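One structure is given below, encoded as structure tokens.
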Amino acid sequence: MFKAAKVIAVKDLRIELRSKVVLNQILPFVAVVLIIFAFAFNKYPALLVTVAPGLYWVTALFSSLLALQRSFSLESENNAKDALILYGLDPAGIYIGKVIAVLVEMVLLEVFLTLGIVFLYSTHLHELADLAFSSIVGTLGILAVGVTFSAMTSASKAKETILPLLLLPVVAPVLLSGTKAWENEIAGKAGLGDPWVGLLILFAAAFLALGTLTFGSVLEE
Amino acid sequence: MNGYVEAGYAAVTAGLGSYAIWLSVKSRRLREAFVRVKVDDEAPKQGE
Amino acid sequence: MNRRRWVAVFGAFALTTVAITYVMGLWVTPPDVFQGNLVRLIYVHPAVAWVAYLAYGVTSLSSIAYLWKKTRNYKWDLLAASSTEVGVVFTALTLITGSIWGRPTWGVWWTWDARLTTTALLLVLYLGYLALRRVTEDREQRAKRGAVAALIAFIDVPIVHQSVVWWKTLHQSATVFNADLNPKIHGEMAWTLLLGFLSFTAVYLWMVIKRYEIAKAEMAAEEQGIEEAIRERVGSL
């Protein structure tokens, strides 16, 4: 299982290094969203600091949709997904590999996003380790469900529209917990014992387990 | 009574009622379609 | 009596009980001391909400039954899909009647109360499930993926609920939401309440049976269509 995961993750990241779609398209998308939020709050720029945690998670969620779609458009070209199964790769391994590859890309995007929030919105961040931990766990939760849903929809004609509809309601708790965890951490109120961080961990663990167990049924014809 | 009560009962009646009508119409149509298919299937046999 | 007749009789029974609930709720029961006539919504709103939760419970159980190899059967898949569709209708009605009740009680059509927010998320969650089924053409893939999506929703609902409850209690002082029912409900009010639950559950059962039969007939038609297409190309089977 872990060998298959490594094969898939390395393959996807190597494709990204060569094609640079995340770097050239999704990263600028993050920048645009950061600027557009500033327009939405144009009358009260100070509000941007207050709502920065929420904006962070909304932006992370939307860019994860793009990263997921990118990751699975790789497989639907020339039916590469069937080839993966034919090679005899373990479905659970494929699942974990996909999650790891997109997670690496998302961490990169979120570092950039955090810099944007610090410099463009003049937000003061401390407790960086706590923030990073909750971000990674929360993103892992989003991707744990996202990879399953992307695999289900990537071959369908309506893939662009159906993925957000499926994913957004399910990951609503991540958005809520992530925002709360960030707010508390920025306020210096709670460390890792924060119940919101606990909820993020629970979410990621539950859906990683479910994804690993069911990915075989999702891929099967 | 006060408008709100009527609106609430009306909403439930309209919602469930229209869904129930849709179900009935659809199931009747499907049943008729099946009958037609059966008749069509049998027709050429008689001619043979 | 054949099966179709039984279903029709049961439908008539469900309709009659709902009619009796309406008569009791609208005219026979007295107005409440605090809420006045508004209390009459109690005979429909909680019952409709209960059916929505019941429907999704059935969806979850039958999806698990489909995924489990020992009990795998298309019937479970069709039942899950039918129950979800009926559940979505009842969820929408729960939100509408709740909103209608909320306006005069709290002064607003909507408030970010834990139960309201969870119910709204439930609606979109299962609308997504139905949409996924609609875009998945292969029957077996539709069944498997639908079952996995239903399982995801099933695990998600308690987490959603917990997060929303914390969201409201950890950060906001007491909300307006305490329109809790008058604890002293007696006599005909209690009976009408109970009748409401029974009658809407009967309506749910009738609707699921109807929807299930439609789904089954459509599946048979699909198969027949394929067979006919094959017959046209290859000659007789």
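The values are calculated or read from the model by the stated rules, or taken from the named source; none is laboratory data. All values reported here derive from a predicted model rather than from experimental measurement. With ideal geometry, Cβ positions are generated from the backbone for all residues, glycine too; neighbour counts draw on all protein chains shown.
Results, tabulated for the structure shown:
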{"read-out": "Matching residues in the stretch C:139-155 - criterion: being at the interface with chain A (Cβ under 8 Å from one of its Cβ atoms) and within 18 Å of the chain's Cα centre (by Cα)", "value": "C:147, C:149, C:151, C:152, C:153, C:155"}
{"read-out": "Scope the stretch C:87-125; condition in a loop (DSSP other than H, G, I, E, B), more than 14 Å from chain A (Cβ to nearest Cβ) and not hydroxyl-bearing (Ser, Thr, Tyr); matching residues", "value": "C:107, C:108, C:109, C:110, C:113"}
{"read-out": "Cβ pairs under 9 Å, 6+ apart, first in the stretch C:43-61 and within 14 Å of another protein chain (Cβ to nearest Cβ) and at negative phi, second modelled with pLDDT under 95 and not in a helix (DSSP H, G or I)", "value": "C:43/C:29; C:46/C:181"}
{"read-out": "Of residues in the stretch C:92-139 being in contact with a Leu (Cβ under 9 Å, 6 or more places away or on another chain) and aromatic (Phe, Trp, Tyr), the one surrounded by the fewest Cβ atoms within 10 Å (Cβ to Cβ)", "value": "C:110"}
{"read-out": "Conditions (1) touching a residue at least 24 places away in the same chain (Cβ under 8 Å); (2) hydroxyl-bearing (Ser, Thr, Tyr); (3) under 18 Å from residue C:132 (Cα atoms); number of the one not met by residue A:161", "value": "(1)"}
{"read-out": "Single residue of C:78, C:26, C:38, C:67 found to be under 18 Å from the mean Cα position of the chain (by Cα) and surrounded by fewer than 23 Cβ atoms within 10 Å (Cβ to Cβ)", "value": "C:78"}
